[in-house]
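**Q** One structure coming up, written as structure tokens, with questions to follow.
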Amino acid sequence: MKEEKTFESALDNLEKIVKELENGNIDLDNAIKKYTEAMELSKYCSEKLKDATDKVNKILTENGELKDFEVENS
């Protein structure tokens, strides 16, 4: 049974990959694979954060509490 990916597990995996790459004891082909995986995890985390921000903004807007609040997208 495949474990469902969560923001927390993706972030944990991303941190592990960064440490591996920073260590420098990895061959080029494996480094490229790890870098590619890290970029995919980074994109996944960014999308999850954007979704969460959108949900919070929607809740605040529905309750009339959101005034001139903007989230900077990077």
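**Q** What do you reckon, is GLU37 under 15 Å from the mean Cα position of the chain (by Cα), open to solvent by less than 80 Å² (accessible area, probe 1.4 Å) and modelled with pLDDT of 95 or more?
**A** So GLU37 fits the description; yes.
**Q** May I pose another question? Report every pair of residues separated by at least 6 positions or lying on different chains whose Cβ atoms are under 7 Å apart, first residue within region 28-44 and more than 19 Å from LYS5 (Cα to Cα), second part of a helix (DSSP H, G or I) and open to solvent by less than 80 Å² (accessible area, probe 1.4 Å).
**A** Hits for this filter: ALA31/LEU21.
**Q** Just checking, does region 50-62 include any residue being surrounded by 10 or more Cβ atoms within 10 Å (Cβ to Cβ), at pLDDT 95 or above and in contact with a Ser or Thr (Cβ under 8 Å, 6 or more places away or on another chain)?
**A** Scanning region 50-62 turns up no residue that is surrounded by 10 or more Cβ atoms within 10 Å (Cβ to Cβ), at pLDDT 95 or above and in contact with a Ser or Thr (Cβ under 8 Å, 6 or more places away or on another chain).
The values are calculated or read from the model by the stated rules, or taken from the named source; none is laboratory data. Note that the structure is a prediction, hence the values are computed from the model and not measured. Backbone-built Cβ (ideal geometry, glycine too); neighbour counts: all protein chains shown. When the accessible area is computed, the model is the full protein with side chains, heavy atoms only, and any ligands, DNA or RNA have been set aside. Shrake-Rupley method; radii C 1.70, N 1.55, O 1.52, S 1.80 Å.
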